[in-house]
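First the structure, in the form of structure tokens, and then the observations on it.
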Amino acid sequence: MSLFSPPRYQAPFKPMRRDDITPFMKVFTASEGIIKGVLFGCRMCGNCILQETAFICPMTCPKGLRNGLCGGATPEACEVDASRPCTWHKIYERAEKMGRTEKLLEINAPIDGERVGRETWLDVVHVWKETEESPKFVEFFSNRKKFDEDWERVFYNVRQPEWWQGDSEYHAPAYEAPVSLLEANLRTGEFTCTAEIAPPLSAATGSICEKSGYLCDWVPAANFTDNASASARMGSLASSKICLDSGLEPVMQLQARDRSRVVIESDAMGAAGLGIRNILCLTGDHHRFGPGPVTKPDQFDMDAVQMLWLLRRMRDDGKYIDGRNIKYRPEFFLGAAASPFGAYPKYEALRAEKKVNAGAQFIQTQPIFDYDGFLIWLEELDKRNLLDKVYILAGMIPLKSARAAHFMADEVPGVKIPDKIVKRMDAAGDKDGQAEEGVAIALEMIEKLKNTPGLNGIHFMAVHWEIIVPRLMEESGLPKPGITSLDAIPA
Ligand code: SF4
């Protein structure tokens, strides 16, 4: 148990190699580990960002997230282990009390494995000495503003290694012409819809071809989930390519879970090489939501914010994370997910801003069943001036049965279904009656969403019921894509 952080989820890290560690450093590192362990629950990640996170160690989070909470976080508990609080909720709360909320916008680097299990205090001393204009203690009294700025500079240099250089700024995409049909349609300002197609459980590809066949007139692009809920299916990259070959542009979901930074870069580059331009970056569900047997608990090398930062820099700066140049840069239209009903909307908006700053150009949300709650989240985004920097597509799940409504209301983190909707589904009679009631509920919500300022479209997640999307769009009068070929865009 630590004084200032939630308890550790996993044990402290050990160094990757010890052949260069002297006996003195062993003792020094052990002392630092004990003191920081008692105070902060420190896991000796060797990449300390406590300055940034209101002195709560983010490595106590079960996913090891270093840039904010995950989609299933709630004020009450962690989505992975309900016996513990969400580390990031604690960070937001304390940062708010300390007046340091905006500091949480800085994009933190993933862990450098070489530094894991090693001390950081001597590192701070070293950086302090090397930094020009490092703080002078006398200025703490004589010139507090300068002292604070110099102090901040030193700790920025400690937090942000040369190969990362994260900041709190918005980085607009460094290209002109749209790279995908989805982007081209969103740029027109027309309400634009996307749909999700469930990747098959088997090696048979027919369902992708069939579904893309009846969706291609209605949506400019279809999403393919990436082993959602930690449950294996056909991969997102393969499904996306099959979809592309069938005539519909894919949105390839790429999640951080189970991928090292090397695989993230390689999969994204492979996708670009295959002509897949839309990439939705996700942190991913923890393995504990999967069917089991459950894998090792620590499967996150990066988070969604870091992935966006990484892929945007590959595209706009032409660099891999290790600094190697990319001769032919990939073209990406980058997306992110948002969870308007997970944490408090002000915290969710902070997280959304971080994703937009890192590189998100469109956001698809968790399904919306509570319109008023959704508006509160949208207003929080507006307060942060995000609505003219990112396209927002509201998530929509047409309910097919009362059972599905109960499951989502009770089991799916980040989804809120008002009681009156669950009751309507319960009272809808047999299977067909329930499906019709689900359609009616969806149509009512679409009517509100399509007239919502700041909203750019709807993302339909009618998993295993994709055929309902054309009907919903037709009956609600949602427009078909205006641009169906990138060649058709006027110069
Ligand atoms: S809810 Fe998510 S962000 Fe919060 S501690 Fe748990 S895994 Fe981490």
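The values are calculated or read from the model by the stated rules, or taken from the named source; none is laboratory data. The shown structure was predicted, so the numbers you read here are calculated from the model rather than taken from an experiment. Positions of Cβ are generated from backbone atoms using ideal geometry, with glycine treated the same way; all protein chains shown enter the neighbour counts.
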Looking only at the range 409-442, and only at residues there that are within 23 Å of GLU79 (Cα to Cα) and of a type outside the set (Val, Ile, Thr), the one that is farthest from the chain's Cα centre (by Cα): ASP419
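One line per residue, one yes/no per condition, for (1) within 29 Å of LYS346 (Cα to Cα); (2) among the hydroxyl-bearing types (Ser, Thr, Tyr):
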| site | (1), (2) |
| --- | --- |
| ARG118 | no, no |
| ASP123 | no, no |
| GLU132 | no, no |
| PHE147 | no, no |
| TRP151 | yes, no |
| PHE155 | yes, no |
| ARG159 | yes, no |
| TRP164 | yes, no |
| SER168 | yes, yes |
Unique match (being within 22 Å of the chain's Cα centre (by Cα), within 11 Å of the ligand (Cβ to nearest atom) and over 21 Å from ARG43 (Cα atoms)) among THR101, THR74, THR87: THR74
Every residue from the range 59-71 that is more than 6 Å from the ligand (Cβ to nearest atom) and closer than 15 Å to LEU308 by Cα: ARG66, ASN67, GLY68
Those helices (runs of 4 or more DSSP H) lying entirely in the range 221-336 with at least 2 residues small (Gly, Ala, Ser): 236-245, 261-273
Residues that are outside any loop (DSSP other than H, G, I, E, B) and within 22 Å of the chain's Cα centre (by Cα), drawn from the range 104-122: LEU104, LEU105
Matching residues, the range 364-392, being hydroxyl-bearing (Ser, Thr, Tyr) and crowded, with 18+ Cβ neighbours inside 10 Å: THR365, TYR391
Any chance ARG424 is within 30 Å of TYR344 (Cβ to Cβ) and at pLDDT 95 or above: yes
Cross-chain or 6+ apart pairs with Cβ under 6 Å, the range 228-251 first and farther than 23 Å from ASN185 by Cβ, then in a loop (DSSP other than H, G, I, E, B) and of a type in the set (A, V, I, L, M, F, W, C): ARG233/LEU201
Among residues of the range 363-390, those that are in contact (Cβ under 8 Å) with a residue 40 or more places away in the chain and among the basic types (Lys, Arg), counted: 1
Members of the range 305-337 that are within 21 Å of CYS86 (Cβ to Cβ), touching a residue at least 60 places away in the same chain (Cβ under 8 Å) and among the hydrophobic types (A, V, I, L, M, F, W, C): VAL305, ALA337
Residues of the range 303-350 satisfying the condition of being farther than 27 Å from TYR371 by Cα and among the acidic types (Asp, Glu): ASP303, ASP316, ASP317, ASP322, GLU331
Residue in the range 163-184 that is in the same structural domain as GLY454 (by TED's automatic domain parsing), free of Cβ contacts under 8 Å to residues at least 40 places away in the same chain and under 24 Å from LYS354 (Cβ atoms) present: no
Single residue of the range 323-352 satisfying the filter (of a type in the set (D, E, K, R) and surrounded by fewer than 24 Cβ atoms within 10 Å (Cβ to Cβ)) that is farthest from LYS90 (Cα to Cα): LYS327
Residue within the range 285-300 that is crowded, with 16+ Cβ neighbours inside 10 Å, out of contact with any Lys or Arg (no Cβ under 6 Å at 6 or more places or on another chain), at pLDDT 95 or above and not small (Gly, Ala, Ser) present: no
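Yes or no, residue by residue, for (1) under 21 Å from VAL127 (Cα atoms); (2) of a type in the set (A, V, I, L, M, F, W, C); (3) away from the ligand (no atom under 16 Å from the Cβ); (4) modelled with pLDDT under 95:
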site: PRO7; (1), (2), (3), (4): no, no, no, yes
site: ALA11; (1), (2), (3), (4): no, yes, yes, yes
site: ARG17; (1), (2), (3), (4): no, no, yes, yes
site: LEU39; (1), (2), (3), (4): no, yes, yes, yes
site: THR53; (1), (2), (3), (4): yes, no, no, yes
